[in-house]
């Protein structure tokens, strides 16, 4: 959209409007779809980037903003959409993967939390669901997915930052994503969820130290991505299974996606390593998004060739 | 977040780990890395947001137990203010 700056953080109303404008001005490639409602009754939309074709295509899913305070994440999803739209006619790699793959992008998963982080508490992490008669709020949506729910690296106390909810998929936001992906799981090749911070490309699993059945492929693609990322601005990323390189956690969307059969499932933890943490300055949005775009494109290319 | 700081703390022994876990519980600290006190490990750095009201007590505790630390963010509110779009700036508005 004209005048839209990708170098500042945007409140949710602007992101809603940006989505509308993007699909209006790129109707040959982009459509906007309803995914579900949040706890506070806000609509969740995703963008589908798809080149018209008669042949069946596989799906790349990418969500951003599952944790409210990680503002760089929605900024990246928007940047990534812009990059595809600006370059798909001229960049042979983008051209090539769009022949086989559709890209589904959810710019802000935790909309209620994101808005709360803009209006009330900048460092808020969770959703905004009420618990214990409204005495405490929020579920960590990345501890609320099914498969490994509630076993390790979570809290069952709703005042905790990592409260996993009252049950697997207890939250409407989690349910909306899970139902959508479940329906299409045989077509989804790659599930990407974008977080900050720490500079990691994390593979399954977080809830156990066992390696994924396709661990070698997962790591090979991620290592290629980390090399490409470093070539951009010199940033070092660590690649590996979450439970081994970071910490154990259960109920994550990454583990769930792999457990339902999606072969390539990754969590990105973007810049930095603690200098700014969750308060990454706007002047770092561009280099962060540039290097991450390179990495994500590398993974998509790997998946496409595979 | 006025006067809150983010500290980088490096526990070197299991005794340090225990002391830090206790400090996290008693001072209501916001652990950024790792997220849980039970994930604190010797040799692995911690990032903690410390409310201004608890800074003195925490730093006193760290000094007393000879746990090394450095200030990553001197004033969280100041850092937040500088990362927000300025009122009336020229970026896109609805």
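Only the coordinates and a few stated rules stand behind these numbers; no lab work does. Remember, it's a predicted structure, so these values are computed and weren't measured experimentally. When we count neighbours, we look across all protein chains shown, and the Cβ atoms used for this are built from the backbone with ideal geometry, even at glycine.
Here are some notes:
- Calculated [θ] (222 nm, deg cm²/dmol) that DSSP helices of n ≥ 4 give over chain B, each run adding -39,500 (n - 2.57): -11500 deg cm²/dmol
- When the convex hull of its Cα atoms is projected in every direction, mean area for the stretch A:53-106 (nm²): 4.0 nm²
- Principal axis box of the protein assembly as shown, alpha-carbon based, largest edge first, Å: 69, 53, 48
- In whole percents, the pair-distance distribution calculated for the stretch A:30-82 from its alpha-carbon pairs, binned every 5 Å from zero, is 4, 15, 21, 26, 18, 9, 5, 2, 0.
- Relative contact order [Cα under 8 Å, 6+ residues apart], the stretch A:4-78, whole percent: 26 percent
- Entry note, chain A: the mean residue ellipticity at 222 nm calculated from DSSP H runs of n ≥ 4, each adding -39500 (n - 2.57), is -11500 deg cm²/dmol after division by the residues and rounding to the nearest 500.
- Part-to-part distance (alpha-carbon centres) for the stretch A:275-289 and the stretch B:4-29, which is given in Å: 26 Å
- Look at the alpha carbon pairs under 8 Å that are at least 6 residues apart: their mean separation over the length of chain A gives a relative contact order of 20 percent.
- Unit Cα scatterers, Debye sum, the stretch A:185-306: log10 I(q)/I(0) for q = 0.09, 0.18, 0.22 Å⁻¹: -0.23, -0.90, -1.28
- For the stretch A:147-204, the fraction of alpha-carbon pairs in successive 10 Å shells from zero, as %: 17, 41, 38, 4
- Given in Å, the Rg to one decimal and the Dmax to the nearest whole number for the Cα atoms of the stretch A:2-116 are 14.2, 43.
- The relative contact order of the stretch B:15-75, computed from alpha carbon pairs under 8 Å that lie at least 6 residues apart in sequence, is 31 percent.
- Counting only the Cα atoms, the stretch A:219-283 fills a convex hull of 115 Å³ per residue.
- Oblate is the label for the stretch A:1-56, because a/c, from the alpha-carbon gyration tensor with a ≥ b ≥ c as root eigenvalues, is 1.5 or above and a/b does not exceed b/c.
- Debye-formula intensities of the stretch A:189-252, expressed as log10 I(q)/I(0) at q = 0.15, 0.16, 0.17, 0.27 Å⁻¹, are -0.46, -0.52, -0.59, -1.31 (one equal scatterer per alpha-carbon, no solvent).
- Shown here are the Rg and Dmax of the Cα trace of the stretch A:100-252, at 16.6, 52 Å.
- For the stretch A:84-186, convex hull volume per residue from C-alpha positions, Å³: 140 Å³
- Residue exposure proxy: B:53, A:127, ordered by other Cβ atoms within 10 angstrom of their Cβ from fewest to most, comes out as B:53, A:127.
- Cα gyration tensor category, rounded, prolate or oblate, for chain B with a/c compared to 1.5: prolate
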